[in-house]
Amino acid sequence: MITRIVNAQEGLDEAVSLIKNGELVVFPTETVYGLGANAYDGEAVRKIFEAKGRPQDNPLIVHIASVSDAEKVACDIPDVFYALAEKFMPGALTVVLPKSDLIPDVVTAGGNTVAVRMPDNAVARELISRSFPIAAPSANRSKHVSPTSAAHVYDDLNGRVPLILDGGECEVGIESTVLDLTSGSPVILRPGAVTAEMLAPYLGITPGSGKVIGTAKSPGMKYEHYAPTAEAYAAEDAARAAEFYDRCVQEGKRPVLLFTDCHAAELGARERISLGADVDDFMHSVYSALRTAEKTYDVIIVEALKGEGRAASVMNRVMKAVGGKTV
Ligand code: AMP
Ligand code: MG
């Protein structure tokens, strides 16, 4: 199969036809690129699992173009969903709801719940509104780092998908927050740019009340996602990272540091890929930096951010990328 990369706006008509014909389309979102198919068409959705090499027991997120679309793909929707939608949709929040009968089992890995998200990308929403709700995981080969540019997708899926809509770099840079509303009290299954602190007021939870949003594991989180092909470590301390780097050099390896600019002076002339100036820059650029690093270097040393909220969300992904290894 020939894979073409086309400007997102210019390729939109063709993408709509492909989705309507039960084919795959890669499309940009603000989180990471998605590999989509008509969410109502089980045969089309099966192609996603094939193209990615994704285990069948890992369910997909269904992408919608408007809040009212949620009623097509889910049922028994609680009021709190609408409160959250008003504030966070479109955006980097996925909500798990009871699934409607229209959604085939292959989308939900046989479960009776469906994950729903409205992406904050105009082309993505137009693609959906002109075709169907679109089931889509991240557009990487299973177990690799999620793609935040069309070139990343091409590296992983060339020859496996007909069309990649190129919408430039994803602004957010890591996958959405997944919030489960189907299990009594709200539970965050996967942390992301939308944090527990941001969600709490809309869930009727006041800080300091003792009531908190629970955390649990998303079905997909058991897999070693996000891993680069080179050996990788996290480092809480720039001085220790520099020491480890120097030892790698002595051993004849080629290391690289993925650090924010505030550590530039400490790290000196050692090779570094910048993760920008703050947490949001770090989130935006870390996947791209991992993909760049694995092509040229033997050892990747990533800055470990401290703190709650977005820092903790992005560290959730970094710790997966480094397989829990620290220096
Ligand atoms: P990806 O889009 O590749 O990041 O994968 C989608 C993520 O959403 C995975 O971690 C899934 O486990 C999670 N997910 C999708 N559907 C559900 C669901 N019905 N219940 C819980 N988690 C889900
Ligand atoms: Mg993924």
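The values are calculated or read from the model by the stated rules, or taken from the named source; none is laboratory data. Small disclaimer: the values here were computed from a predicted structure and weren't measured. For neighbour counting, all protein chains shown are included, and Cβ atoms are generated from backbone atoms with ideal geometry for every residue, glycine included. Keep in mind that these areas ignore ligands, DNA and RNA; they rest on the heavy atoms of the full protein, side chains included. Shrake-Rupley method; radii C 1.70, N 1.55, O 1.52, S 1.80 Å.
Numbers below:
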read-out	value
Extreme residue, positive dipole direction of the stretch 265-327, given options Gly324, Ser274, Ser313 (C-beta unit charges)	Gly324
Cα gyration tensor category, rounded, prolate or oblate, for the chain with a/c compared to 1.5	oblate
Heavy-atom accessible surface of the stretch 124-178: percent carbon and sulfur, 1.4 Å	42 percent
Contact order normalised by residue count of the chain, Cα under 8 Å, 6+ apart, percent	20 percent
Theoretical gain in end-to-end length, Glu271 to Thr215 [0.36 nm per residue, Cα-Cα removed]	16.4 nm
For Leu163, distant residues with modelled amide H under 5 Å away	Arg4, Val26
Violating pairs (Cα-Cα greater than 31 angstrom) within the set Lys99/Lys320; Lys52/Lys306; Lys87/Lys325	Lys52/Lys306; Lys87/Lys325
Length gained when the stretch Met198-Asp76 is fully extended (0.36 nm per residue, less Cα-Cα span)	41.5 nm
Surface share of carbon and sulfur [accessible, 1.4 angstrom probe, percent] for the stretch 240-327	49 percent
Cys75 accessible area, assembled protein chains, probe 1.4 Å, Å²	50 Å²
Distance (nanometres) between label positions extended 7 Å along Cα→Cβ at Ser66 and Arg254	5.3 nm
Amide H contacts of Ser100 (H built 1.01 Å from N, under 5 Å, at least 5 apart or other chain)	Ala74, Cys75
Sulfur and carbon atoms: percent of accessible area, the stretch 33-90 [1.4 Å]	48 percent
The stretch 1-125 shape via C-alpha gyration tensor axes, a/c threshold 1.5	oblate
Simple Cβ-charge dipole of the chain, Lys/Arg +1 and Asp/Glu -1, about Cα centre, in debye nearest 20	700 debye
Solvent-accessible heavy-atom area per residue, rounded to whole Å², over the chain at 1.4 Å	41 Å²
